[in-house]
Amino acid sequence: MGKLVFFTIIGLLIYWFVKSRQTNETQEDMPPEAIEDMVCCSYCGVHLPKSESVSAEEKFFCSDEHCHQFLDTTE
Ligand SMILES: [Zn+2]
């Protein structure tokens, strides 16, 4: 009877180990970069993460330079 309990515990430990490994792998398939919003520069059209963009007049730009150039051409 003691052997049966022993093997049941070993089986549960292997099951738990495999299950936790599978969970970790699915989390690695989604890098943080993929979750962040991507925006398009209104001047040159390059795509970049929203946190790295410059925003003005509800538009996004890849740099301050393109922001100023875009605003200059529209005025
Ligand atoms: Zn740009």
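Quick note: the coordinates plus some simple rules give every number you see, no bench work behind them. All values reported here derive from a predicted model rather than from experimental measurement. Counting neighbours? That spans all protein chains shown, and the Cβs are built from the backbone with ideal geometry, glycine included.
Between Q22 and K50, the modelled labels are 3.4 nm apart [label points 7 Å from Cα along Cα→Cβ]. What the pair-distance distribution of the range 32-75 shows, using all Cα-Cα distances binned every 5 Å from zero, is 5, 26, 33, 19, 10, 5, 1, 1 percent.
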